[in-house]
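Below is one structure, written out as structure tokens; comments come after it.
The values are calculated or read from the model by the stated rules, or taken from the named source; none is laboratory data. Keep in mind that this is a model prediction, so the values were computed, not measured. Don't worry about glycine lacking a Cβ; one is built from the backbone with ideal geometry, like all the others, and counts go over all protein chains shown. To get the accessible areas, we keep the full protein, side chains included, count just its heavy atoms, and leave off ligands, DNA and RNA. Shrake-Rupley method; radii C 1.70, N 1.55, O 1.52, S 1.80 Å.
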Amino acid sequence: MKVIEILECQRLLRVLAVRNWCSVRALAVVAIGGLLTLDAVAAEPPPVLEVEDASATTEAEMKPYREIIEQADVSFEMLPIPGGKFSMGSSEDDDEYEEDELPQHEVEVSPFWMAKLEMNWDVYDVWASDLDVFRRQALGLAATPRDALADTFQLSQPTKPYTDMTFGMGKRGYPAVCMTQHAARTFCNWLSAKTGRYYRLPTEAEWEYACRAGTTTAYSFGDDVDELEDYAWFFDNTDGGYEKVGKKKPNPWGLHDMHGNVAEWVLDQYDEAGYEEIASQGVDPLAVPKTLYPRVVRGGGWDQFPEDCRSAAREASSEDWKKQDPQIPKSIWYHTDALHVGFRVVRPLVVPTDAERKAKWDKSEPVQVERVGAKANINN
């Protein structure tokens, strides 16, 4: 086996290791035909980054904690969300219901943590602009085993954004926007490797359950739209752009900006027919995406109307969200015309098995492939 082939095998194993640590040894045998010993290539996953109050084995043990990004001076808060049942979607008795919010159906959601705030540029840019890598290089710091895994999902965007993706709306403390769902998913893969804890986007069911926070009204604070200004940034109270995260009142579970500011990516495929196809999935439902468009964003954004910010409101992504991108083919990383779309992360209490992740939580079709560069073989 040539040296370049061995290096390619090692690179593939690093990618696979992030997703499937348990299978690395078996894959190593297949990948390099036994030319290298298992002990040389099948390293155990690095230890989880120790963070106060981040560990729990039962729902009762779950606490709020602050996640740390190693090699970068940033962090974000995670809040425990108890498991439970709720009625997802709208009733036809609701004044503002839309057809795609039907049928209303009972859903059971398993416990998870959810980010208290929408992901801001401070954290997102560590991944998107390799800030931690540059800091390591500048200070001569050694990469940790977690860094080495995380770098696989990072290392220089192969297609640079054609312009400032904040579009002059603000950077530090403001929500990150204009990313594709593929970019948000890859960020989660990087974050999982970087911390040793499994992060992903919420499902649509998890998002609505957390937004409602035990309520059954149009908004988490009730039905009175006149109160929306206390909880949300939307078309009527913004100055032509998003606002810093966390400035409005939280919902009953302590989550800020679930209504307005920026709409948030979830994992699900959008179906204009509503929930007919997945209503029978009673526990942790998910419409696994099979086409690139449309997919779902939730919560409404700064440029949208009050009815778009309701707990049950849904929005479908569109290929028009790339209209301004001058690149041909257009980038798989940016939605240059989705200035109102960002995301927040969740972390399930019970980490799915590798098989479950591959079949459900991490599955997304068609595979997105970058043309060139370090990310050319990262598929989501």
Listed residues N120, G140, G299: farthest to the positive end of the dipole of the chain (Cβ charges): G140
Helix 3-19: angle to the longest alpha-carbon principal axis of the chain, degrees 0 to 90, nearest 10? 30 degrees
Cα-centre dipole for the chain with unit charges at Cβ (Lys and Arg positive, Asp and Glu negative), debye to 20: 2500 debye
Compute the accessible area per residue over region 135-292, keeping the other protein chains in place, probe 1.4 Å, unit Å². 37 Å²
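Please get the size of the charge dipole for region 90-176, origin at its Cα centre, with Cβ charges of +1 on Lys and Arg and -1 on Asp and Glu, quoted in debye to the nearest 20. Write out the running numbers ahead of the final one.
On the way: 7 positive and 19 negative charges, 309 e Å.
Dipole of region 90-176, to the nearest 20 debye: 1480 debye.
Which length gain, in nm to one decimal place, applies between V350 and V367 when the Cα-Cα distance is subtracted from 0.36 nm times their residue separation?
So the chain would gain 3.5 nm between V350 and V367.
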Protection-proxy order for peptides 282-295, 104-117, each taking the mean of Cβ atoms within 10 Å per residue, highest first: 104-117, 282-295
How much of the accessible area of region 65-360, in percent, comes from carbon and sulfur atoms when a 1.4 Å probe is used? 49 percent
Between the alpha carbon centres of region 252-280 and region 116-193 the gap in Å comes to 24 Å
Region 148-251, dipole about Cα centre (Lys/Arg Cβ +1, Asp/Glu Cβ -1), debye to the nearest 20: 860 debye
Going 7 Å from the Cα of K85 toward and past its Cβ, which residues in region 275-303 have a backbone nitrogen under 16 Å from where you end up? 279-285
Flagged links, alpha-carbon separation over 32 Å, of K330/K360; K248/K330; K171/K360: K248/K330; K171/K360
For region 65-360, what value does the Rg/Rh ratio take when both radii are computed over Cα atoms and Rh is the Kirkwood radius, given to two decimals? 0.95
Lysines within cross-link reach of K194: Cα-Cα under 18 Å, excluding same-chain residues under 8 positions apart? K375
Report the extension gain between T291 and A56 in nm, rounded to one decimal, defined as 0.36 nm multiplied by the number of residues separating them, less their alpha carbon distance. 81.0 nm
